[in-house]
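Here's the structure, in structure tokens; my notes come after.
Coordinate-derived values only; no laboratory data. It should be emphasised that the depicted structure is a prediction, and the values quoted were computed from it without experimental measurement. So basically every Cβ, Gly included, is an ideal-geometry build from the backbone, and we count neighbours across all protein chains shown.
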Amino acid sequence: MKSLRARYGASPLHLLLVLCSFALTAYAGTRLLKGDTLRIAIWFVGAALIHDLVLLPLYTLTDRATQALVGSRGGAGRHDRPRTTWINYLRVPTFVALLLLITWYPLILSKVPGYQLATGLPADVFLGRWLLITAALFAASALCLITSMRRHRTPRTEPRTQTKGAGESSDSSPSAKPGHKASPEQKEPESDT
């Protein structure tokens, strides 16, 4: 078992899951390519090229513009969060909403008629539902941001650290802890009056 972990770099369960995902991918690929192989291959290559050459630079430019608009520097205080982390609360719902739009745009924009029998829904409901899902995503993200801001703004009491010997407190006053007797070093010298 140790030699497999040393050679592979992870547990045998990880290897099993990777092999299962490869098998599932191979099965889906054979089922997908059973139909019109050339058109599916053209679509796959075209989708990869459009993503890499058009959409990825567009993501990057939009993200940089958002960072410039929101600002990339936070406060100097201990409990202030950098503003760049706030961008993640915009990135995630935007990404999910756009992914849903790209995936279902024929139904959302009513571009393809005849899906009422397949979906069981009238064609004019998809745009409203996508807008509701998008609003819910942004509302959930705003709630997560507010929760995170409250959690980071609450001052935390830091526990006392011991800087002296094993049983001594870092506080020099004898009344620092109830029931604590002052050591001879901590007692004030008595006056001879």
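Brief remarks follow.
- Given their separation in residues at 0.36 nm each and the Cα-Cα distance between them, Ala142 and Thr30 gain 36.0 nm when the chain is fully extended.
- Isotropically averaged projected area of segment 1-62, using the convex hull of Cα atoms (one quarter of hull area), nm²: 6.9
- Multiplying the residue separation of Ala6 and Leu61 by 0.36 nm and removing their Cα-Cα distance gives an extension gain of 15.6 nm.
- The trypsin sites (Lys or Arg not before Pro) found in segment 10-52 that occupy coil by DSSP, while having at most 12 further C-beta atoms within 10 Å, are Lys34.
- Taking each residue as 0.36 nm, the span from Ala135 to Trp104 lengthens on full extension beyond its C-alpha to C-alpha distance by 9.5 nm.
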